[in-house]
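Peer 1: This is the structure, below, for whatever I ask next.
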Amino acid sequence: WPRPPSPAPPLRVSAVHSAPVGARPLFRLDLAEVAMAGAALKVAGRQLSRHSGSGAPILFRQMFEPKSCTYTYLLGDRESREAILIDPVLDTVHRDAQLVKELGLRLLYAVNTHCHADHVTGSGMLRSLLPGCQSVISRLSGAQADLHIEDGDSIHFGSFTLETRASPGHTPGCVTFVLNDNSMAFTGDALLIRGCGRTDFQQGCAKTLYHSVHEKIFTLPGDCLIYPAHDYHGLTVSTVEEERTLNPRLTLSCEEFIKVMDNLNLPKPTQIDIAVPANMRCGIQTPPS
C-alpha cells in the first residue's frame, strides 16, 4: 500500500506592505517587536506549507473525547478526498464517521499510535461504519490489525504522506506520525504538552522513552507542530521548540528523568482491564457497543 508521494511545490508567499498616514515607521520598531513579527511570519509560512503536490492545503480536524481526554485527528486530501483518522475512540466513533461523510471524504485508514490503556479504540467499529477503511498499528504493539507498520514506513492519502517514527518507551509499540513537510507530528503518548506518557505498565521503559523523544521527535524542526494523543489541561497544540526548552520532564538529564518517572506513583488507569484486551484485537473485530 505505500506508493511514492508527489513532491511538494516550493512555498511562494507574496505580500504588499503599506502604512497609514502618521504610522510609526518600521525603522523605529524595537528589537522585541521585530522578533515577534519574525516569529509570526515563520509560523504563518509553516502553516501555508501544508500543501499537496498540486498546492491544495491539507484538511485537518482535531477532535476531543472527554472521558479519557483523548484527541482524535482527521487528515484529508481536499482533491482526492482520501483521508485517515489517528487514534479514534469507540465512544465517539459515530461522531467521527458522520464528519467523514459530511465532508465527502473516503476514509482509507484508522490508525493507532499505540495500544491504548485508557480507552477502547474505534478502529474496529470504523471498519464496519465506513467500508474500505483498514485498521493500522505498529507491529511491535502485538495487536491485531489489517496493516502493521514499522519505523520508516509511510502512510499515503492523496498527495500527502505520514512518516512512521518508532518512539517506544510508554509502550514498546508506540509510534509518532510526521507529515511529509515536517510541519506536524502526531506523537501519541510518547510526548505530551509539557509532559509525556507514563512508563510503569505495558512494558514501559523510562530510559527508552527519553531517547525516543530526543532522537525521533526533538530532531524535527523547532516550529513543527506537536499534536499529542491526550491533554488534561485544556491545551491543544505545542511545538518541538517549546517542548525541547519548556517540558519539565524532558529537559532533565536522562538519569534525572528516570528518577522522576520511577516515582510518579500514579493510580491504575480505570479502563485498563477492559481497554487493553479489546485493543489487542479490535483492529480487526467490531467491539461490542
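The values are calculated or read from the model by the stated rules, or taken from the named source; none is laboratory data. Quantities reported herein were computed from a predicted structural model and do not represent experimental measurements. Ideal geometry is used to build each Cβ from the backbone, glycine not excepted, and the neighbour counts take in all protein chains shown. Note: accessible area is taken over every heavy atom of the protein model, side chains too, but ligands, DNA and RNA are not part of it. Shrake-Rupley method; radii C 1.70, N 1.55, O 1.52, S 1.80 Å.
Peer 1: Residue check: is residue 106 open to solvent by 60 Å² or more (accessible area, probe 1.4 Å) and modelled with pLDDT under 95?
Peer 2: Working: open to solvent by 60 Å² or more (accessible area, probe 1.4 Å): yes; modelled with pLDDT under 95: no.
For residue 106, the condition - open to solvent by 60 Å² or more (accessible area, probe 1.4 Å) and modelled with pLDDT under 95 - is not met.
Peer 1: Please work out which one of (1) at pLDDT 95 or above; (2) assigned to a loop (DSSP other than H, G, I, E, B); (3) closer than 24 Å to residue 112 by Cβ; (4) open to solvent by less than 50 Å² (accessible area, probe 1.4 Å) is the condition residue 201 fails and give its number.
Peer 2: Evaluating residue 201 over (1) at pLDDT 95 or above; (2) assigned to a loop (DSSP other than H, G, I, E, B); (3) closer than 24 Å to residue 112 by Cβ; (4) open to solvent by less than 50 Å² (accessible area, probe 1.4 Å) leaves (1) as the failure.
Peer 1: Within the stretch 109-119, which residues are hydroxyl-bearing (Ser, Thr, Tyr) and either assigned to a strand (DSSP E or B) or open to solvent by 20 Å² or more (accessible area, probe 1.4 Å) (or both)?
Peer 2: Going through the stretch 109-119, the residues hydroxyl-bearing (Ser, Thr, Tyr) turn out to be 109, 113.
Selection gives 109 alone.
Peer 1: In addition: Among 241, 215, 163, which is free of Cβ contacts under 8 Å to residues at least 40 places away in the same chain and within 23 Å of residue 76 (Cβ to Cβ)? Walk me through it before giving the result.
Peer 2: Details: 241 fails: within 23 Å of residue 76 (Cβ to Cβ); 215 fails: within 23 Å of residue 76 (Cβ to Cβ).
Testing whether each residue is free of Cβ contacts under 8 Å to residues at least 40 places away in the same chain and within 23 Å of residue 76 (Cβ to Cβ) leaves just 163.
Peer 1: Could you go through the stretch 89-98 and let me know if any residue there is part of a loop (DSSP other than H, G, I, E, B) and out of contact with any Leu (no Cβ under 7 Å at 6 or more places or on another chain). Before you say what the answer is, go through the steps one by one.
Peer 2: Our first condition is that a residue be part of a loop (DSSP other than H, G, I, E, B); within the stretch 89-98, this holds for none.
No, the stretch 89-98 has no match at all.
Peer 1: Need pairs with beta-carbon distance below 8 Å; first residue without any contact (Cβ under 8 Å) to a residue 24 or more places away in the chain and within the stretch 137-150, second part of a helix (DSSP H, G or I) and not basic (Lys, Arg); sequence gap 6+ or separate chains.
Peer 2: Within 8 Å, the pairs are 150/140.
Peer 1: Quick one: count up the residues across the stretch 235-270 that are crowded, with 17+ Cβ neighbours inside 10 Å and either polar (S, T, N, Q) or at pLDDT below 95 (or both).
Peer 2: Start the filter on the stretch 235-270 by keeping residues that are crowded, with 17+ Cβ neighbours inside 10 Å, which leaves 238-240, 243-244, 247, 249-250, 257-258, 261, 269.
Still in the list and also either polar (S, T, N, Q) or at pLDDT below 95 (or both): 238-239, 247, 269.
So the count comes out to 4.
Peer 1: Looking at residue 219 and the list (1) under 16 Å from the mean Cα position of the chain (by Cα); (2) surrounded by 15 or more Cβ atoms within 10 Å (Cβ to Cβ); (3) polar (S, T, N, Q), which single condition is not satisfied?
Peer 2: It fails just one condition, (2).
Peer 1: Can you say whether residue 187 is within 24 Å of residue 117 (Cβ to Cβ), modelled with pLDDT of 95 or more and in a strand (DSSP E or B), as far as the supplied structure shows? Even if it seems obvious, please write down each step before you answer.
Peer 2: Values: within 24 Å of residue 117 (Cβ to Cβ): yes; modelled with pLDDT of 95 or more: yes; in a strand (DSSP E or B): yes.
So residue 187 passes the test.
Peer 1: Still on this structure: Could you list, in sequence order, all residues of the stretch 120-171 that are surrounded by 24 or more Cβ atoms within 10 Å (Cβ to Cβ) and polar (S, T, N, Q)?
Peer 2: Matches in the stretch 120-171: 121, 123, 135, 138, 141, 167, 171.
Peer 1: Does residue 47 qualify as being open to solvent by 30 Å² or more (accessible area, probe 1.4 Å) and at pLDDT 95 or above?
Peer 2: Working: open to solvent by 30 Å² or more (accessible area, probe 1.4 Å): yes; at pLDDT 95 or above: no.
It is false that residue 47 is open to solvent by 30 Å² or more (accessible area, probe 1.4 Å) and at pLDDT 95 or above.
Peer 1: Now for a separate question. Those residues that are assigned to a loop (DSSP other than H, G, I, E, B) and either surrounded by 20 or more Cβ atoms within 10 Å (Cβ to Cβ) or modelled with pLDDT of 95 or more (or both), I need them from the stretch 51-66; list them, please. Working first, answer last.
Peer 2: In the first step, residues of the stretch 51-66 are kept if they are assigned to a loop (DSSP other than H, G, I, E, B); the result is 52-56, 66.
Answer for the stretch 51-66, where residues must be assigned to a loop (DSSP other than H, G, I, E, B) and either surrounded by 20 or more Cβ atoms within 10 Å (Cβ to Cβ) or modelled with pLDDT of 95 or more (or both): 52, 66.
Peer 1: Moving on. At pLDDT 95 or above, of a type in the set (A, V, I, L, M) and outside any strand (DSSP E or B), is that true of residue 136?
Peer 2: Details: at pLDDT 95 or above: yes; of a type in the set (A, V, I, L, M): yes; outside any strand (DSSP E or B): no.
Criteria not met by residue 136.
Peer 1: Can you tell me which condition residue 172 does not meet? The list is (1) out of contact with any strand residue (DSSP E or B) (no Cβ under 8 Å at 6 or more places or on another chain); (2) part of a helix (DSSP H, G or I), and all the others hold.
Peer 2: (2)
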